[in-house]
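So the structure is just underneath, and the comments pick up after that.
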Amino acid sequence: MQKRNLGGVEVSALGLGCMGMSAFYGETDLGESEATIKRARELGITFLDTAQIYGPLTNEELVGRAIRGERDQFVIATKFQRDLTNTVAGDMSTLGGIDGSAENVRRTIDGSLQRLGVDFIDLYYQHRVDPNVEIEVTVGAMAELVEP
């Protein structure tokens, strides 16, 4: 598998988008999804893409289970966009509105870390821009999360 440099991190040229493993495209099979992630790694795919909204919340849990014990073999990307305060896992109707506030950026990273079962996320980014929050506020909060 060819590799690419992504901001100083080496990733596989092909990544695995995990969205459809939890929602949006019909019925899902968690066992097959986990097996797909493991097989992708066997084929040299190290870059996994997920998001809090996928499921919602359940896709990050799925990815976390699939990589347990092999965290160092993967580069994990996840995204934030909405207020998840009252979100029920798996229930799209409970999603809050788009929220790019600094408070939401800080709050949602903790949930992603917990669901993924990891100590750090390699690429954490905004899924949809909040038109009611200046982008500098959102990006500033994201910059606060980066350890020196």
(request) Kindly check whether there is at least one residue in the range 45-64 that is touching a His at 6+ places or on another chain (Cβ under 9 Å), among the small types (Gly, Ala, Ser) and either modelled with pLDDT of 95 or more or open to solvent by 40 Å² or more (accessible area, probe 1.4 Å) (or both). (result) yes
(request) Confirm whether Leu84 is modelled with pLDDT under 95, under 30 Å from Gln2 (Cα atoms) and open to solvent by less than 70 Å² (accessible area, probe 1.4 Å). (result) no
(request) Answer yes or no: is there a residue in the range 11-22 that is part of a loop (DSSP other than H, G, I, E, B), over 27 Å from Val146 (Cα atoms), modelled with pLDDT under 95 and within 14 Å of the chain's Cα centre (by Cα). (result) yes
(request) Would you check which residues across the range 77-117 are within 13 Å of the chain's Cα centre (by Cα) and part of a loop (DSSP other than H, G, I, E, B) and list them? (result) Gln81, Gly117
(request) Return the total of residues in the range 95-115 being at pLDDT below 95 and of a type in the set (Ser, Thr, Tyr). (result) 1
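The values are calculated or read from the model by the stated rules, or taken from the named source; none is laboratory data. Bear in mind that the values here come from a model prediction, so they are computed numbers and not experimental data. Ideal geometry is used to build each Cβ from the backbone, glycine not excepted, and the neighbour counts take in all protein chains shown. Heads up: the accessible areas ignore ligands, DNA and RNA and are worked out on the full protein's heavy atoms, side chains in. Shrake-Rupley method; radii C 1.70, N 1.55, O 1.52, S 1.80 Å.
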